[in-house]
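The values are calculated or read from the model by the stated rules, or taken from the named source; none is laboratory data. Please read these numbers as outputs of a predicted model, since none were measured by experiment. Cβ: placed from backbone, ideal geometry, glycine included. Neighbour counts: every protein chain shown.
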Amino acid sequence: MAVKALILGCAGTTLSGEERALFKEVEPWGLILFKRNVADHAQLKRLIGEFRETVGRNDAPVLIDQEGGRVQRLGPPLWPAYPSAASFARIGDPLLRRAAIRLGARLIAHELRALGITVDCLPVLDIPVPGADAVISDRAYGTKPEEVAIGGRAAAEGLIAGGVLPVIKHMPGHGRATADSHLALPRVSAARDVLVTHDFAPFRALSDMPLAMTAHVVFTAIDERHPATLSRRLFDEVIRGDIGYEGLVMTDDLSMKALSGSFAERARRAYAAGCDVVLHCNGVREEMEAVACAAKPLSGKSKQRAEAALARIRHAPEPFDSVDERAGFDALLAGKC
């Protein structure tokens with residue numbers, strides 16, 4: 001059976017019999033993990049092994065949101081806490097700031113790779129503006145396009161060096177939204193030329209990255225009706241056009257309240273818009289089954305993009321002394337370098 005253009009979550013710290021049966025039948029391309037799936041190192045490695053054994057692919061992607069700050073699925077006491085993206089601004093020297101961001105991501109990659117996690121949904125390339133919802137805020141590397149692009153590239157390079165794929169998000173930009181797309185559908189009314197030169201700019205600067213995640217945001221200057229995830233016009237004109245992105249595009253979570261309609265409809269509309277892979281995160285079996293029923297085989301250009309992404313991390317990670325590098329990272333954050 002063909003691998004499906006689908007990433008699913010699971011409910012707990014092991015796969016249930018029903019989840020095993022679903023994953024074996026559907027063969028999702030990947031699995032995404034959350035705090036509910038984590039007990040300790042050994043358990044998490046077993047869960048990841050269970051998933052890969054069930055789908056029959058040792059290289060099946062396993063994803064997590066490990067940004068640092070508010071968004072960190074692995075944390076104390078078993079894993080270190082990492083600073084938010086905005087926290088790096090306190091390092092005044094721009095070269096040292098970039099070095100700290102890259103090293104922080106390299107340390108994260110070292111920890112993820114040891115568990116078998118091969119994709120981190122980082123970096124955030126959204127640019128918050130005054131009056132926007134706080135959902136992005138300190139998750140951003142700055143408030144100017146060039147700051148965000150430099151910080152985002154540093155993080156992406158650190159992850160790749162450690163054998164973990166980055167996901168640039170939330171394309172083409174969530175920073176201007178005045179609502180949290182987890183809870184409602186944001187509408188952005190900025191003029192297109194403002195969006196192109198400001199909001200879209202970091203994504204254009206990192207258009208060579210292998211994976212991207214969409215924003216459930218309506219940009220009225222481009223498509224008055226549909227959020228980016230579901231807009232064919234936005235995909236053609238902005239994601240593949242203005243931004244020039246040729247990598248694999250996954251949706252943000254289909255269970256977020258910004259979207260409406262049945263889960264099968266959400267998946268079908270996302271594929272029709274141009275998404276390569278759909279993502280469902282919450283582990284609710286009935287919802288997963290509905291999305292799975294609408295899932296397309298991973299084929300054509302989408303398959304080529306997926307294979308090209310995985311090829312970026314088939315090499316061994318760069319040599320790395322995590323103890324020494326951790327000390328160096330702490331020194332950078334403390335301003336001792």
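Some points to look at:
- Residue list for region 53-74, filter: free of Cβ contacts under 8 Å to residues at least 12 places away in the same chain and surrounded by fewer than 19 Cβ atoms within 10 Å (Cβ to Cβ): E53, N58
- Qualifying residue in region 18-32 (condition: surrounded by fewer than 19 Cβ atoms within 10 Å (Cβ to Cβ) and more than 22 Å from A294 (Cβ to Cβ)): no
- Residue in region 84-99 that is buried (at least 21 other Cβ atoms within 10 Å of the Cβ) and either assigned to a loop (DSSP other than H, G, I, E, B) or free of Cβ contacts under 8 Å to residues at least 24 places away in the same chain (or both) present: no
- Strands (runs of 3 or more DSSP E) contained in region 1-81 and holding at least 1 residues under 18 Å from the mean Cα position of the chain (by Cα), among the charged types (D, E, K, R) and within 25 Å of A306 (Cα to Cα): 66-68
Here is a yes/no grid of residues against (1) farther than 19 Å from A205 by Cα; (2) touching a strand residue (DSSP E or B) at 6+ places or on another chain (Cβ under 6 Å); (3) touching a residue at least 12 places away in the same chain (Cβ under 8 Å); (4) assigned to a helix (DSSP H, G or I):
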| residue | (1), (2), (3), (4) |
| --- | --- |
| V135 | yes, no, yes, no |
| V148 | no, no, yes, yes |
| A154 | no, no, yes, yes |
| E157 | no, no, yes, yes |
| I160 | no, no, yes, yes |
| V167 | no, yes, yes, no |
| R176 | no, yes, yes, no |
| S181 | yes, no, yes, no |
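- Flag: P123 does not match the condition of being crowded, with 19+ Cβ neighbours inside 10 Å, out of contact with any strand residue (DSSP E or B) (no Cβ under 9 Å at 6 or more places or on another chain), closer than 15 Å to H170 by Cα and at pLDDT 95 or above.
- Residues of region 186-217 classified as out of contact with any Ser or Thr (no Cβ under 8 Å at 6 or more places or on another chain) and either of a type in the set (A, V, I, L, M, F, W, C) or outside any loop (DSSP other than H, G, I, E, B) (or both), total: 20
Conditions (1) under 24 Å from R153 (Cβ atoms); (2) not acidic (D, E), marked per residue:
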{"residue": "A5", "(1), (2)": "no, yes"}
{"residue": "T14", "(1), (2)": "no, yes"}
{"residue": "A21", "(1), (2)": "no, yes"}
{"residue": "D40", "(1), (2)": "no, no"}
{"residue": "L47", "(1), (2)": "no, yes"}
{"residue": "E67", "(1), (2)": "yes, no"}
{"residue": "I101", "(1), (2)": "yes, yes"}
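- Evaluation of R326 against (1) in contact (Cβ under 8 Å) with a residue 60 or more places away in the chain; (2) within 29 Å of P186 (Cβ to Cβ); (3) more than 21 Å from the chain's Cα centre (by Cα) (one fails), failing number: (2)
- Of the residues making up region 185-213, those that are touching a residue at least 12 places away in the same chain (Cβ under 8 Å), β-branched (V, I, T) and more than 27 Å from S255 (Cα to Cα) are V196, T197.
- Taken over region 316-337, residues that are among the aromatic types (F, W, Y) and either part of a helix (DSSP H, G or I) or under 26 Å from G9 (Cβ atoms) (or both) amount to 1.
- Figure legend. Inter-residue proximity from region 290-303: first residues touching a residue at least 24 places away in the same chain (Cβ under 8 Å) and over 14 Å from V249 (Cα atoms), second residues surrounded by fewer than 20 Cβ atoms within 10 Å (Cβ to Cβ) and of a type in the set (D, E, K, R), beta-carbon distance below 7 Å, spacing 6+ or different chains. Indicated pairs: A294/R268.
- Region 238-252, subset of a type outside the set (K, R) and free of Cβ contacts under 8 Å to residues at least 40 places away in the same chain, residue surrounded by the most Cβ atoms within 10 Å (Cβ to Cβ): T251
- Look at region 23-50: where a residue is on the phi > 0 side of the Ramachandran plot and a partner is surrounded by fewer than 14 Cβ atoms within 10 Å (Cβ to Cβ), sitting 6+ places away or on another chain with Cβ atoms under 6 Å, you get E27/M1.
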